[in-house]
Amino acid sequence: MVDISPYNNDPLHAYAEGLRSKYLRNRNVLLVQALQFLPYSTNLEVIFRKGYPAWPPTGIQRIANALAGRGLNIKIVDLNYETLEHVFETRAYKPEDSLEILDRHIAEVQPSIIGVSCICMFSDLHAPTNPLTMLLDHLKKLDRFVVVAGGTALNNDIGGFLRREMCHFAVAGEGEDKVRYLMDVLLDDGGKAAPRKGIYFKPADRLEQTDGGTEWAVLTGDLIGTYQSLPIEKYHRVGCLNTFSRFAGMDRPYGVLQLNRGCRARCLFCGVPKFMGRPTRHYPVAEVLAEVRYQVEERGIRHLDVIDDDFIGDRRTTSELIQGLIDLRARYDFTWSAYNGLIASQITEDLLELLRKAGCIGFSMGIESGNPDLLRRTRKPSNLRALRKASDMLQRFPELFVVGNYILGLYDEETFGQMLDSFRFTFEMKLDWSAFAAFQITSFGTAVELERQSDVNRATHVLPARDRPDGEVAIAEGVLAGPDVFRLDPDKVPARRQISQIWFTFNLVSNYIGNKHLRPGGDPAKYVAWVETIQGIYPANPYMPLFAALGRRLMQDHARVPALLEIARTNVDKSDYWRTRFEQFDLMSVLENFPDSAPGAAETLEAMRERYAPWMEADGHLSHKE
Ligand code: SF4
């Protein structure tokens, strides 16, 4: 094939020619979604409670769509779903099971090309226990196919994966146009697609990147055709999307919807604008609605989560979509949520009214920090004033469950005093929940060389309680834990292992002891519904059932209280770790002298809150002047 474009892609053509003669026997392609959990540290009890993620393979569905009409035989394999289904059937799991499932598909399809995508980030990207690395390692050992990798996890260290020869091609960022071009070259199909920059490969000792256009893809095409081979109505039987899909009802089949790609903002720690584009682009509303209608009407989906990073990217388009959802809800009972989050400064009363009418049950909001200097430094299109305004509006929409997201340890430079500002701000915001995450850099130097990214562009949020399958946040020697973390020097930057303990204390005090719904005028029923939803993912945790029991007492719904207390007691009795935690926070006495009336529960909670009042209040420990 003669490349008549102005771009020089000779290295790609030469490399493709070698691969063609070695691997290409047919036009069969297998597109595989990797596991969304760590295969070597699974917790079967949590799996059986449907606590593991089971996201539909939207990314590879888009790639399959992009390759349609090219005479390829494409099969999509959601290895994550099939593995979870296998665990439910056999009541057991070992990582080899996932590889055997994959091998069965390989034997059936006999692919020449395998595409792999992994959407989940885990801190040790190159460990053999990482789901992407495990999968690529297996394919490398088989050495029978051209392997093309993409997705969020890979994009954190493209150079590292190629240097270790884990795949033949690595696709950076948005994949559709790049994969189209790559397939043309690989299959020697005569240049139907324009050359694209951003396909990496390593023909010899040097990393190479394709030369070509850098335009973002035109977003078009619904996923209805690709859904036909996926059992999406069964995903809720083996897992969940997030807390919202569980909150909507564990028996409600769920799916996803996507209107926009990219984001208008340019937050310093976030790779979305770089990898998915800035500002947002959107799919045609009619196509998105057709996809939703198909899922709801023909597949029985009853809850959808918006996977956009910037759902209100274009207010008029978003409103048009929501209006379409309102119309559809006149005929079908379904709900939806936006776990990925809305930008607080874009929230208006009109929008909230639309969300309420359209069956939205809740959303997250990226607050990141309650410290104005740090917030400015994140470059978030938001400030404390805009956040307070959003909070005021939200108090008038109690039907929505709103989660504020905060990051602790920003840029590894955040002082404890600045963290306290975030902690205090959670009470001022009066949202239903505050999700703290520890800032963590997950990538390696190679990506810097290839992409010239700064360190902060390779950061991700990490939940310390998700680091271990038992949900414990181990207390390392020499760090302060429990309420003692409030004794930390506000001017010092806490070490990483100290941040895990700060996370634990902030989460317990903000979301449980000090939650607005457990105070006078709160809505304990809303609180209990949420906490009992989370409890399913953390079966060994005793404070979740304890606070759910307090909430039920406040509601005067006494029937469930003994069972919740029994779970709390059992979990404390069988774990030294949890006993220590309960003692740290004086929860043993609450468990042992549990109030028997609503006023008693209110008094108990008030007494607990008093201990932390100096840090909850605005004039407590501000590290800045406002
Ligand atoms: S953190 Fe959210 S708002 Fe900021 S750039 Fe990323 S997606 Fe956009």
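Since every read-out is calculated from the coordinates, none of them should be taken as a lab result. Because the structure is a prediction, the values reported are computed rather than measured. No Cβ is skipped: glycine too gets one built from the backbone with ideal geometry, and neighbour counts run over all protein chains shown.
Within straight-line reach of Lys202, meaning a Cα separation under 21 Å, sit the following lysines at least 8 residues removed in sequence or on another chain: Lys22, Lys140, Lys141, Lys178. Here the dipole of the chain is about 680 debye; that uses its Cα centre as origin and unit charges on the Cβ of Lys and Arg (positive) and Asp and Glu (negative). Ordering Phe547, Gly150, Asn28 by Cα displacement along the dipole of the chain toward the positive end leaves Asn28 in first place; charges were set at the Cβ atoms of Lys, Arg (+1) and Asp, Glu (-1).
Would you list Cys120, Cys240 from fewest to most Cβ contacts within 10 Å?
Cys120, Cys240
No disulfide-compatible partner, judged by a Cβ distance under 4.7 Å, exists for the following cysteines of the chain: Cys118, Cys120, Cys167, Cys240, Cys263, Cys360.
One decimal place: the segment Ala476-Glu428 gains 14.1 nm when fully extended, by the rule 0.36 nm per residue minus the C-alpha distance.
How many angstrom lie between the Cα centre of region 531-572 and the Cα centre of region 367-403? Cα centres, region 531-572 to region 367-403: 30 Å. Once you reduce region 69-113 and region 272-334 to the center of their Cα atoms, the two points are 29 Å from each other. When DSSP beta bridges are restricted to pairs lying wholly in the chain, around 20% turn out antiparallel. Here the spin labels are modelled as points 7 Å beyond Cα on the Cα-Cβ line, and at Asp576 and Arg237 they lie 4.3 nm apart.
Please work out the FRET efficiency for the pair Asp484 and Glu610, using the Cβ-Cβ distance as r and a Förster radius of 30 Å; give the result to the nearest 0.05. Walk me through the numbers before you get to the answer.
Details: r = 17 Å, r/R0 = 0.58.
Here the calculated transfer efficiency is 0.95.
For Asn73 and Tyr40, what is the calculated FRET efficiency with R₀ set at 35 Å and r taken between the beta-carbons, to the nearest 0.05? Don't jump to the answer; show the numbers that get you there.
Working: r = 33 Å, r/R0 = 0.95.
That pair, Asn73 with Tyr40, gives E of 0.60.
If R0 is 41 Å, what FRET efficiency do you get for Ala127 and Trp216 from their C-beta distance, rounded to 0.05? About 0.80, to the nearest 0.05. In this label model, Arg569 and Arg497 are separated by 3.6 nm, measuring between points 7 Å along each Cα→Cβ vector.
Kindly rank 128-135, 11-18 from highest to lowest mean number of other beta carbons found within 10 Å of each residue. Could you put the intermediate results ahead of the total?
On the way: 128-135: 21.2, 11-18: 17.0.
Result, highest mean first: 128-135, 11-18.
With the cut-off at under 11 Å, measuring from each backbone N in region 343-371 to a point 7 Å along the Cα-to-Cβ line of Arg329 picks out 353-362. Think of the chain as having a plus end and a minus end, set by charges on the Cβ of Lys, Arg, Asp and Glu; of Pro520, Pro381, Gly175, Gly175 sits farthest toward the positive end of this dipole.
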